[in-house]
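Undergrad: One structure is given below, represented as structure tokens, and several questions about it will come after.
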Amino acid sequence: MRRKLLMGNWKMNKTIAEAKQFAIESHSIAELAEEHNIDLGVAPTYLSLEIVKKHAAKSMKVASQNVHFATNGAFTGEISIPMLKEIGVEWSLVGHSERRTYDGETDQKCNDKVLTLLDNGMTPIFCCGESLEIFQNGQTKSFVEHQIREGLKNIPLSEVGRLVVAYEPIWSIGTGHSASKEIAEEMCFFIREVLRSLYGTKADEIRILYGGSVKPENIKEYLSCPNVDGALVGGASLKIDSYRALLENIL
């Protein structure tokens, strides 16, 4: 049985002081999640990673929003896996649509990052999803399948169970136009089938999240779908009351 996972992506939000306050206030939420066998986490900015890791409950998963595949080198503005591990961060988003759109994140770069994270005992949350144009042209499945096959190739079977995949249709991220639960379930089921073609029954260990305008009001509907194992949440994860409501509405 796959544990549900609620992961908040803070993007470029919260000062260090604000992140610290959120981490402190989140302890009771983390306890509630543990009581119900749900994994809870947030992905702060680089500057806030250490403070959140220090002040959040031990059960809280703290993820980087991005990471470089090289250990060190002339990569201005980047951050490496050893830097994350030094402060106890063992999760990272990979290939979020905003990274792909604004920072030239390619499928090959995503694959390099996923493989390096897994090789270092860390957990990648691999993001995939289509634009409005691709969705309207009926090319969603072929597009997402390509992202998965290229971004997740050559993963050793022994490491597959640590992988998390997040399906986020770009046309629903931050727009208020969330996909229907039927679309979310259809795509997460499809992704599971693609993963099975790559990894056989080991693919059933992979948690598949839905993301895209997820709110307290609709999260229960999404997570009632058999192939939706959790949610990657943006704006609704920024305020502690909303974050608590997201969890409570899953229960």
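The values are calculated or read from the model by the stated rules, or taken from the named source; none is laboratory data. Predicted model only: the values in this text are computed from it and were never measured. When we count neighbours, we look across all protein chains shown, and the Cβ atoms used for this are built from the backbone with ideal geometry, even at glycine.
Undergrad: For the stretch 46-75, give me the residue count where each residue is assigned to a loop (DSSP other than H, G, I, E, B) and crowded, with 18+ Cβ neighbours inside 10 Å. Don't jump to the end; show me each part of the working.
TA: First, the residues of the stretch 46-75 that are assigned to a loop (DSSP other than H, G, I, E, B): 56-60, 65-75.
Of the ones still in play, those that are also crowded, with 18+ Cβ neighbours inside 10 Å are 56, 60, 65-69.
Total satisfying the criteria: 7.
Undergrad: Can you work out which of the residues in the stretch 14-37 that are closer than 13 Å to Leu251 by Cα and in contact with a helix residue (DSSP H, G or I) (Cβ under 7 Å, 6 or more places away or on another chain) is surrounded by the most Cβ atoms within 10 Å (Cβ to Cβ)?
TA: Among those residues, the one meeting the criterion is Ala33.
Undergrad: Okay, next question. Would you confirm whether or not the stretch 206-228 contains a residue that is assigned to a strand (DSSP E or B), β-branched (Val, Ile, Thr) and within 18 Å of Cys127 (Cα to Cα)?
TA: Yes, some residue in the stretch 206-228 is assigned to a strand (DSSP E or B), β-branched (Val, Ile, Thr) and within 18 Å of Cys127 (Cα to Cα).
Undergrad: Here's a follow-up. Quick check: is even one residue across the stretch 175-191 out of contact with any His (no Cβ under 7 Å at 6 or more places or on another chain), modelled with pLDDT under 95, among the hydrophobic types (A, V, I, L, M, F, W, C) and buried (at least 19 other Cβ atoms within 10 Å of the Cβ)?
TA: Within the stretch 175-191, one or more residues are out of contact with any His (no Cβ under 7 Å at 6 or more places or on another chain), modelled with pLDDT under 95, among the hydrophobic types (A, V, I, L, M, F, W, C) and buried (at least 19 other Cβ atoms within 10 Å of the Cβ).
Undergrad: Right, something else. For the stretch 76-107, name all the residues that are within 17 Å of Gly8 (Cβ to Cβ), in contact (Cβ under 8 Å) with a residue 40 or more places away in the chain and assigned to a loop (DSSP other than H, G, I, E, B).
TA: Val89, His96
Undergrad: Right, something else. Considering only the stretch 90-110, state which residues are touching a Lys or Arg at 6+ places or on another chain (Cβ under 6 Å) and not charged (D, E, K, R).
TA: Scanning the stretch 90-110 gives Trp91, Val94.
Undergrad: Is it the case that the stretch 151-172 has a residue that's without any contact (Cβ under 8 Å) to a residue 24 or more places away in the chain, surrounded by fewer than 18 Cβ atoms within 10 Å (Cβ to Cβ) and part of a loop (DSSP other than H, G, I, E, B)?
TA: The initial filter retains those residues of the stretch 151-172 that are without any contact (Cβ under 8 Å) to a residue 24 or more places away in the chain, namely 158.
With surrounded by fewer than 18 Cβ atoms within 10 Å (Cβ to Cβ) added as a condition, the list becomes 158.
Filter once more, so that each one left must be part of a loop (DSSP other than H, G, I, E, B): none.
For the stretch 151-172, residues without any contact (Cβ under 8 Å) to a residue 24 or more places away in the chain, surrounded by fewer than 18 Cβ atoms within 10 Å (Cβ to Cβ) and part of a loop (DSSP other than H, G, I, E, B): absent.
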